[in-house]
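Step one of this worksheet: look at the structure below.
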Protein chains: 2
Amino acid sequence: MTRLDLSLDAAALTVVLCDIESVSGNERRLAEAVELVLREVPHLTVQRDGDTVVAQTDLGRAERVVLAGHLDTVPLGDNLPCRVEDGRIHGCGTTDMKSGVAVQLRLAAQLDRPNRDVTYVFYDNEEVEAEKNGLGRVARNHPEWLAADFAILMEPTNAAVEGGCQGTLRADVVFSGHRAHSARSWMGENAVHKAGEVLQRLAAYEAEQVDIDGLVYREGLNAVGIRGGVAGNVIPEECVVEVNYRFAPSRSEAEAADVVRRVLDGFDVRVTDSAPGALPGLSHPAAAAFVAMVGREPLPKFGWTDVARFSALGVPAVNYGPGDPMVAHQREEYCDIAPILECEERLLAWLR
Amino acid sequence: MTRLDLSLDAAALTVVLCDIESVSGNERRLAEAVELVLREVPHLTVQRDGDTVVAQTDLGRAERVVLAGHLDTVPLGDNLPCRVEDGRIHGCGTTDMKSGVAVQLRLAAQLDRPNRDVTYVFYDNEEVEAEKNGLGRVARNHPEWLAADFAILMEPTNAAVEGGCQGTLRADVVFSGHRAHSARSWMGENAVHKAGEVLQRLAAYEAEQVDIDGLVYREGLNAVGIRGGVAGNVIPEECVVEVNYRFAPSRSEAEAADVVRRVLDGFDVRVTDSAPGALPGLSHPAAAAFVAMVGREPLPKFGWTDVARFSALGVPAVNYGPGDPMVAHQREEYCDIAPILECEERLLAWLR
């Protein structure tokens with residue numbers, strides 16, 4: 001079993017965490033390493049549910065804060081192991097979000113007497129369908145583990161506070177045809193050819209920009225996958241375009257589904273998965289105080305994050321982490337070292 | 001090991017052969033069964049190359065004829081095991097072409113003193129890329145096994161003689177983009193969206209019909225597959241449309257590639273595989289004599305068949321088999337029993 005060394009600085013620890021591959025569904029090894037090292041920290045109580053690890057202090061403080069981060073990453077893009085160059089760590093998961101996880105682990109080891117009780121959550125399956133999400137599973141199985149006055153998701157924000165998050169909806173657009181030998185294509189009906197118009201509508205669609213409390217949420221409607229075909233000499237009988245709609249938190253999931261159905265009117269659109277956004281909520285006292293401590297202008301969060309899940313649990317939450325959200329999920333993903341150390345320092349100062 | 005019973009009539013034997021699943025690449029079990037049963041036939045010499053079995057008489061006749069059929073099928077479509085109903089066998093491979101293989105096996109067992117020497121060829125990987133084709137492999141490894149004055153491919157023709165065959169060309173149309181998190185889609189470039197225009201051009205394309213010696217070859221240009229996408233929250237960086245062009249035998253492979261490039265002008269078209277057609281060649285004496293014996297009007301062959309490969313080896317060849325080519329490669333594939341028995345009877349009469 002892998003042993004993590006929490007005496008490494010947060011940047012070096014980020015490299016170690018990234019080099020333990022943990023694409024969604026494959027977090028076991030990393031979760032075990034996190035559990036193992038935290039069980040050795042005397043001031044923490046550690047719990048485990050699937051590949052989610054929850055550790056907490058129990059000092060009877062007046063307030064409790066959650067620091068949460070996911071252990072999984074999107075699929076690799078020939079970008080592991082990490083490479084460190086000129087103050088920057090390159091590799092899968094560096095920005096989204098093992099740099100944040102490294103800061104969490106460093107805080108967990110150092111803060112033996114925090115001024116607020118702290119719950120550290122390390123969870124699985126954030127980058128896939130909402131129903132697999134480890135934080136959602138813990139909210140169902142052990143809601144008491146997540147009880148808190150305020151939560152910070154350490155998703156990439158360039159060390160600024162990002163308020164709320166957009167919602168996300170996935171749908172399959174399904175085209176049916178009729179198989180035939182491709183040498184007699186006129187006997188069949190080509191399902192792949194039918195997808196052309198949908199792809200062109202998506203390419204032409206201009207997504208909206210929605211202003212909420214001065215934060216501008218920029219939407220997006222995209223094909224994220226397409227598949228069709230039986231064999232090289234068969235007219236395809238089915239084609240499926242997978243669509244992902246990222247929508248402003250002012251829309252409900254039902255309204256979001258209506259937008260997709262309207263844009264793709266005339267086609268067989270099947271919503272497969274959705275999760276609501278979260279309104280910025282920066283007027284909440286705990287959020288306002290944290291924003292003041294960070295001392296930077298708050299921004300809107302584009303990516304869906306589990307801020308929405310804490311919101312639904314009644315726990316005000318913001319995003320705050322060292323990564324750059326703009327390079328998340330790219331082959332060229334990287335994270336600068338300076339904001340990693342800055343986040344650790346700010347949070348240490350705030351919690352000591 | 002499966003033992004085939006060649007005393008079954010050709011229809012019952014078709015059912016047995018179909019129920020031994022042999023999707024391309026998985027012909028081993030069927031090839032072994034064919035080899036085993038033919039090695040027990042005293043008047044035959046049997047050879048094996050990969051999953052191709054070649055059996056022949058050696059009576060020193062003035063003329064030698066090849067009867068050839070492929071053992072593989074396209075992927076299943078929930079259509080095995082076979083179902084026999086009202087004189088019709090339903091299931092994968094019934095028409096293309098295990099009914100023809102059943103006739104071959106019946107002839108091989110019965111014709112101990114044929115009036116022409118006969119070579120029976122049972123080969124693998126006809127339904128996939130030309131480079132995997134078992135007959136092609138035998139032509140490279142053991143060309144002497146295929147030496148003959150005339151060849152009959154028992155591909156489905158409704159028990160009529162079908163002359164020549166169309167050529168086939170496969171190409172990948174490749175679209176490149178740039179990965180990004182789908183919540184910030186404006187940072188990426190969606191490769192799947194770019195495929196829309198190609199699909200629309202293919203849908204709109206009107207294929208030609210080419211008259212050669214009174215036989216009208218009807219062409220077809222189709223997407224037979226499409227794939228793209230990394231994960232549900234990532235803007236896809238690549239999309240590939242696989243295209244199959246079936247072209248009249250009057251065109252060369254190079255001319256066929258030009259047609260595809262012209263229709264898809266402006267896109268990145270990469271030819272991956274092609275095989276030339278074969279002109280009808282029914283004026284050859286051996287072909288003309290066989291056509292006269294069958295006593296039906298000859299027709300053009302739409303599907304690519306190994307007639308083209310025999311053509312290239314200098315052996316005149318036609319297609320003649322019991323299946324209906326119109327239902328080949330469909331989920332609803334079937335073969336009527338009457339033409340199976342008719343083909344066996346005509347060939348027995350011709351070769352006795």
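The values are calculated or read from the model by the stated rules, or taken from the named source; none is laboratory data. All values reported here derive from a predicted model rather than from experimental measurement. In this analysis, Cβ positions are derived from the backbone assuming ideal geometry, glycine residues included, and neighbour counts consider all displayed protein chains.
Values for this structure:
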quantity: Scope segment A:211-240; condition modelled with pLDDT of 95 or more and of a type in the set (A, V, I, L, M); matching residues; calculated: A:Leu221, A:Ala223, A:Val224, A:Ile226, A:Ile235, A:Val240
quantity: Qualifying residue in segment A:21-33 (condition: under 19 Å from A:Gly91 (Cα atoms) and part of a strand (DSSP E or B)); calculated: yes
quantity: Residue count, segment A:153-193 (criterion: crowded, with 22+ Cβ neighbours inside 10 Å and assigned to a loop (DSSP other than H, G, I, E, B)); calculated: 12
quantity: Looking only at segment A:57-83, and only at residues there that are more than 22 Å from the chain's Cα centre (by Cα) and under 25 Å from A:Leu348 (Cα atoms), the one that is surrounded by the most Cβ atoms within 10 Å (Cβ to Cβ); calculated: A:Thr57
quantity: A:Arg261, sole failed condition from (1) among the charged types (D, E, K, R); (2) in a helix (DSSP H, G or I); (3) within 11 Å of chain B (Cβ to nearest Cβ); (4) over 26 Å from B:Glu126 (Cβ atoms); calculated: (3)
quantity: Residue in segment A:241-250 that is more than 30 Å from A:Arg296 (Cβ to Cβ), at pLDDT 95 or above and more than 7 Å from chain B (Cβ to nearest Cβ) present; calculated: yes
quantity: Selection count where residues are in contact with an Asp or Glu (Cβ under 8 Å, 6 or more places away or on another chain) and more than 7 Å from chain A (Cβ to nearest Cβ), scope segment B:221-236; calculated: 0
quantity: Leading residue by the ranking (farthest from B:His193 (Cα to Cα)) among those in segment A:177-206 that are in contact with an Asp or Glu (Cβ under 6 Å, 6 or more places away or on another chain) and at pLDDT 95 or above; calculated: A:His178
quantity: Test: residue in segment B:271-281 that is buried (at least 22 other Cβ atoms within 10 Å of the Cβ), charged (D, E, K, R), closer than 24 Å to A:Asn190 by Cβ and within 14 Å of chain A (Cβ to nearest Cβ); calculated: no
quantity: Positions within segment A:262-292 being within 30 Å of B:Val243 (Cα to Cα) and without any contact (Cβ under 8 Å) to a residue 60 or more places away in the chain, in sequence order; calculated: A:Asp265, A:Gly266
quantity: Test for A:Asp324: is it touching a Ser or Thr at 6+ places or on another chain (Cβ under 7 Å), within 29 Å of A:Gly93 (Cβ to Cβ) and touching a residue at least 60 places away in the same chain (Cβ under 8 Å); calculated: yes
quantity: Within segment A:198-207, tally of residues that are of a type outside the set (Lys, Arg), at the interface with chain B (Cβ under 9 Å from one of its Cβ atoms) and in contact (Cβ under 8 Å) with a residue 40 or more places away in the chain; calculated: 3
quantity: Test for A:Ala312: is it surrounded by fewer than 20 Cβ atoms within 10 Å (Cβ to Cβ), on the phi < 0 side of the Ramachandran plot, modelled with pLDDT of 90 or more and not polar (S, T, N, Q); calculated: no
quantity: Selected residue (criterion: farthest from A:Val230 (Cα to Cα)) from residues of segment B:84-132 that are surrounded by 22 or more Cβ atoms within 10 Å (Cβ to Cβ) and of a type in the set (D, E, K, R); calculated: B:Arg106
quantity: All positions within segment B:33-42 that are surrounded by 16 or more Cβ atoms within 10 Å (Cβ to Cβ) and either in contact (Cβ under 8 Å) with a residue 24 or more places away in the chain or not acidic (Asp, Glu) (or both); calculated: B:Ala33, B:Val34, B:Val37, B:Leu38, B:Val41
quantity: Any hit, segment A:229-251, residues being small (Gly, Ala, Ser) and assigned to a strand (DSSP E or B); calculated: yes
quantity: Single match in B:Leu146, B:Leu105 (criterion: more than 16 Å from the chain's Cα centre (by Cα) and within 20 Å of B:Asp324 (Cα to Cα)); calculated: B:Leu105
quantity: Whichever residue in segment A:315-352 is assigned to a strand (DSSP E or B) and surrounded by 24 or more Cβ atoms within 10 Å (Cβ to Cβ) and, among such residues, is nearest to the other protein chains (Cβ to nearest Cβ); calculated: A:Asn319
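To keep it simple, each residue is scored yes or no on (1) within 11 Å of chain A (Cβ to nearest Cβ); (2) aliphatic (A, V, I, L, M); (3) in contact with a helix residue (DSSP H, G or I) (Cβ under 9 Å, 6 or more places away or on another chain).
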position: B:Pro143; (1), (2), (3): no, no, yes
position: B:Ile152; (1), (2), (3): no, yes, yes
position: B:Asp172; (1), (2), (3): yes, no, no
position: B:Phe175; (1), (2), (3): yes, no, yes
position: B:Ser185; (1), (2), (3): yes, no, no
position: B:Val192; (1), (2), (3): yes, yes, yes
position: B:Gln209; (1), (2), (3): yes, no, no
position: B:Glu219; (1), (2), (3): yes, no, yes
